[in-house]
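The values are calculated or read from the model by the stated rules, or taken from the named source; none is laboratory data. Note that the coordinates shown come from a computational prediction; the quantities given were computed from them, not determined experimentally. We place every Cβ from the backbone using ideal geometry, glycine too, and count neighbours over all the protein chains shown. For accessibility, only protein heavy atoms count, side chains too; no ligands or nucleic acids. Shrake-Rupley method; radii C 1.70, N 1.55, O 1.52, S 1.80 Å.
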Amino acid sequence: MATWRRLESPTPPEGSRVPGTTDGRGFSLTPGEQALVSVPSMGSPLSVLPDDAFENLLVLSATASPEKVESLVERRGGDPEKVGVVPVTGSPTEYDGPLWTTDPVDPSDLTGISIRLSKAMQYVMPGGWVVVDNVNVLLMYGREEKVFRLFDSVVSNAREKDACGAYCTVRDAVTDETYSRLRGFCDREISVE
């Protein structure tokens, strides 16, 4: 079972901008919109999110430790206390910073990932953001059909919460068929390569 470092819900400041508005950085989504985002193989997809995404953000992170996510959030001018991370890693990790986090989960444990995401979704508010930083990692470690079921569940939950969803993939590293199936769960596709 996942344990939370912090259990209170992050609250956006009074007068915050409406999520999904354009701020000149990367891309934007409207509340409830879900996008399959093609990203370069190196670098963090968090660097292309609009600034307002950091007001209430949940990241399923298969590519960066909570420390690295915290550092990127701070570089972008965001408040780490408004960001949650589900760390997907095969290595044990300890984190004692301002992000709200779950226990780490192995990339092959799709059930564990699903449980942690379900619990973490309670902290995502309408207009908040849900980001999977690398769907390819899940596809490397899990059976494709199970990954599609997990993906469908995450997208559906984000849509029901009226949250923006960005599901990042390295396009050249998946087959056309796999990409097409992932695209079918989303409202649109975006390339930030």
inquiry  = I need a count of the residues in region 55-78 that are outside any strand (DSSP E or B), open to solvent by less than 20 Å² (accessible area, probe 1.4 Å) and under 23 Å from residue 115 (Cα atoms).
reply    = 3
request  = Give just the number: which of (1) touching a helix residue (DSSP H, G or I) at 6+ places or on another chain (Cβ under 8 Å); (2) under 27 Å from residue 179 (Cα atoms); (3) in a loop (DSSP other than H, G, I, E, B); (4) open to solvent by 60 Å² or more (accessible area, probe 1.4 Å) does residue 107 not satisfy?
outcome  = (4)
key: Identity of the residue in region 32-54, in contact with a strand residue (DSSP E or B) (Cβ under 6 Å, 6 or more places away or on another chain) and among the small types (Gly, Ala, Ser), that ends up surrounded by the fewest Cβ atoms within 10 Å (Cβ to Cβ)   = 38
task = Check residue 167 against each of (1) under 22 Å from residue 108 (Cα atoms); (2) assigned to a helix (DSSP H, G or I) and name the one condition it does not meet.
result = (2)
